[in-house]
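Engineer: Take a look at the following structure, please.
The values are calculated or read from the model by the stated rules, or taken from the named source; none is laboratory data. It should be emphasised that the depicted structure is a prediction, and the values quoted were computed from it without experimental measurement. We place every Cβ from the backbone using ideal geometry, glycine too, and count neighbours over all the protein chains shown.
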Amino acid sequence: MGSLSMMSSGKRNGLSHLASFLLGALLPTVLLVFLASDRLGERLTTSISSFGNGYLQMTKAHVVASAPAAAAGEEEEQQDSFPGLPELLPKVAMADRTVIVTSVNEAWARPGSLLDLFRDSFRNGEGIEHLLNHTLVVAVDDGGFARCRAVHPHCYLLEITSANASAANRFLSKGYLELVWAKLALQQRVLQLGYNYLFTDVDVMWLRDPFRHISLYADATMSCDGFSGDPESLHNSPNTGFFYVKSTPRTVEMLRYWRAARSRFPPHHDQKIFDSIKRELAGGQLGVRIAFLDTALFGTFCDLPGEIGAAICTMHANCCFGLDNKVRELRSVAAAWKNYTSLPPAERKSASRVTWPYPRRCRAARLAKPAGGKRQIRPAGN
């Protein structure tokens, strides 16, 4: 019995030594895998939120795997297309690497036109004037660039040689389409350089800080022409005149997919095509998370709120044809806002008596018939 016990004890000791050996050999491997995955996670972490990490980890592999082989070549081409942009963005960006981007041409940048109204809205808004220092104005012609440099600290010239971008281009004209798609190419480059962006049309009046309403979990947060009541519903009609995108591999692929879809829906602008592919973006391999902004907070001429509320952040002069119409209506918006903010705080609570002016000129222009006799189609974001 004693010898059997000793043999059994020896076997147990041998197995224990073997287990210790195997465990010791395995631990370095596990540590290396952990460190590698941690570094990968660091590269792919978004700058605003880590909400839903499980979902992001599952889809990031799809994003990287689905990237076309030509992506590296495309990035090199984009570097040539946007010279000076990598050096300019650090001067404009906020601490979290977010930049506000708008665009102008010569017509929109003239004294008294949209650029002046846009910049004045920051000064007359509530605590948002400092955001002008983080706004990049992209000029699409020399005249717009010169005017921008005269009044604004951060300007970038995006040359468009395929069409005349200097005029107040008619909706869906060649110049109009080239302009909107060139802007989207630049936005993709901003994401590739690791910066989040909030794009705003220059006919958007800023009233309060919009960033507190930007969704933390979403990859893209968009304004809309008609809000369904559910910020996550794809039944909302997107308006690409005001939208935020965080920089991740997934959103770079989203912009690439969006731009590539142009050939599938000619001749249309970026907003119409995004509306057509939003379910593909959200439900496909990319799994893009899209959120929409309430029109009560981000007002539009398409869905004009009546009263000037205590929370509204922006007012967009969309659903409006004609530069002169936009300028005149936005001047009325600015005047109404000044009247509201001049009231004592106690009187603002009964602000039902202070309402936004009805954009009569814009509504009349939408209903007017062009020379061809056909009723003018309402653009979702114009």
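Engineer: Do we find a residue being hydrophobic (A, V, I, L, M, F, W, C), assigned to a loop (DSSP other than H, G, I, E, B) and farther than 22 Å from Trp206 by Cβ anywhere in the stretch 290-305?
Structural biologist: No, there is no match, as no residue in the stretch 290-305 is hydrophobic (A, V, I, L, M, F, W, C), assigned to a loop (DSSP other than H, G, I, E, B) and farther than 22 Å from Trp206 by Cβ.
Engineer: Sticking with this structure for a sec: Given Ala260, Ala346, which one is aliphatic (A, V, I, L, M), under 17 Å from Gln187 (Cβ atoms) and without any contact (Cβ under 8 Å) to a residue 12 or more places away in the chain?
Structural biologist: That would be Ala260, the only listed residue that is aliphatic (A, V, I, L, M), under 17 Å from Gln187 (Cβ atoms) and without any contact (Cβ under 8 Å) to a residue 12 or more places away in the chain.
Engineer: For the stretch 196-273, which fully contained strands (runs of 3 or more DSSP E) count at least 3 residues that are among the small types (Gly, Ala, Ser)? First the steps, then the outcome.
Structural biologist: Working: elements: 196-200, 204-206, 220-226, 237-245.
Fully inside the stretch 196-273 and qualifying: 220-226.
Engineer: Tell me yes or no: at least one residue of the stretch 294-309 is of a type in the set (A, V, I, L, M), closer than 28 Å to Arg212 by Cα, crowded, with 22+ Cβ neighbours inside 10 Å and at pLDDT below 95.
Structural biologist: yes
Engineer: Please work out which one of (1) more than 21 Å from Phe118 (Cβ to Cβ); (2) in a helix (DSSP H, G or I) is the condition Arg331 fails and give its number.
Structural biologist: (1)
Engineer: Scan the stretch 134-148 and tell me whether some residue there is modelled with pLDDT of 90 or more, closer than 23 Å to Ile273 by Cα and either charged (D, E, K, R) or in a strand (DSSP E or B) (or both). Give the steps one after another, and end with the answer.
Structural biologist: Initial filter on the stretch 134-148 (modelled with pLDDT of 90 or more): 134-148.
Still in the list and also closer than 23 Å to Ile273 by Cα: 138, 140.
Filter once more, keeping what is either charged (D, E, K, R) or in a strand (DSSP E or B) (or both): 138.
Yes, the conditions are met somewhere in the stretch 134-148.
Engineer: Pick from the stretch 218-231 the residues that are closer than 9 Å to Phe292 by Cα and in contact with a strand residue (DSSP E or B) (Cβ under 6 Å, 6 or more places away or on another chain): which of them is surrounded by the most Cβ atoms within 10 Å (Cβ to Cβ)?
Structural biologist: From the stretch 218-231, those closer than 9 Å to Phe292 by Cα are 220-224, 227, 230-231; that's our starting set.
Right, trim to in contact with a strand residue (DSSP E or B) (Cβ under 6 Å, 6 or more places away or on another chain) and you get 220-224, 231.
Details: Ala220: 25, Thr221: 24, Met222: 26, Ser223: 31, Cys224: 27, Pro231: 18.
If we take residues in the stretch 218-231 being closer than 9 Å to Phe292 by Cα and in contact with a strand residue (DSSP E or B) (Cβ under 6 Å, 6 or more places away or on another chain), then Ser223 is surrounded by the most Cβ atoms within 10 Å (Cβ to Cβ).
Engineer: For the structure I just gave you, tell me whether Ser215 is touching a strand residue (DSSP E or B) at 6+ places or on another chain (Cβ under 9 Å), closer than 21 Å to Arg279 by Cβ and surrounded by fewer than 23 Cβ atoms within 10 Å (Cβ to Cβ).
Structural biologist: Considered against the rule, which asks whether it is touching a strand residue (DSSP E or B) at 6+ places or on another chain (Cβ under 9 Å), closer than 21 Å to Arg279 by Cβ and surrounded by fewer than 23 Cβ atoms within 10 Å (Cβ to Cβ), Ser215 comes out as yes.
Engineer: If you go through the stretch 314-328 one residue at a time, how many are buried (at least 24 other Cβ atoms within 10 Å of the Cβ), at pLDDT 95 or above and touching a strand residue (DSSP E or B) at 6+ places or on another chain (Cβ under 9 Å)?
Structural biologist: Of the residues in the stretch 314-328, 3 are buried (at least 24 other Cβ atoms within 10 Å of the Cβ), at pLDDT 95 or above and touching a strand residue (DSSP E or B) at 6+ places or on another chain (Cβ under 9 Å).
Engineer: Any idea how many residues of the stretch 282-327 are touching an Asp or Glu at 6+ places or on another chain (Cβ under 9 Å) and of a type in the set (Asp, Glu)?
Structural biologist: So the count comes out to 1.
Engineer: Output the number of residues of the stretch 80-107 satisfying the condition of being under 15 Å from Val151 (Cα atoms) and either modelled with pLDDT of 95 or more or under 21 Å from the mean Cα position of the chain (by Cα) (or both).
Structural biologist: 4
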